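Just so it is clear, none of the values below were taken in a lab; they were calculated from the coordinates. This is a predicted model, so every value here is computed, not measured. Positions of Cβ are generated from backbone atoms using ideal geometry, with glycine treated the same way; all protein chains shown enter the neighbour counts.
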Amino acid sequence: MLLPGALAADSGGARRVEVEVAEPARLADVLDALAGRYPLLGRRLRDETGALRRHVNVYLGRDDVRGLLGMRTPVSAGDTVLVLPNVAGG
């Protein structure tokens, strides 16, 4: 999993985090494992219902998971999950 610098403080300074989950895995499983290691990071990515927060974008490869199956998106060994915050401005 690749994290932006703004979230690296919540992962002990790491911008690249390896997460292991049993296969078949979904994005929710990956984020559960991540939250188990870094609880504050988990709370910054997902709300109390487990949904991605509005200001967080998650990509599997080049695809936004919201355009795939969301939290049910399948994730395989070796896949890269990228987390990016929304960018606003004018």
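Only residues that are among the hydrophobic types (A, V, I, L, M, F, W, C) and closer than 20 Å to Pro74 by Cβ: list them for segment 39-59, please. So that I can check it myself, show each step before the final result.
At the first step, the residues of segment 39-59 found to be among the hydrophobic types (A, V, I, L, M, F, W, C) are 40-41, 45, 51-52, 56, 58.
Residues satisfying the conditions are Leu45, Ala51, Leu52, Val56, Val58.
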Item to check | Set Ala33, Ala6, Ala28, Ala22: member being in contact (Cβ under 8 Å) with a residue 12 or more places away in the chain, of a type outside the set (S, T, N, Q) and more than 24 Å from Val87 (Cα to Cα) | outcome: Ala33
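From the list Gly5, Gly36, Gly12, which one is within 22 Å of Arg72 (Cα to Cα) and among the small types (Gly, Ala, Ser)?
Details: Gly5 fails: within 22 Å of Arg72 (Cα to Cα); Gly12 fails: within 22 Å of Arg72 (Cα to Cα).
On inspection, the qualifying residue turns out to be Gly36.
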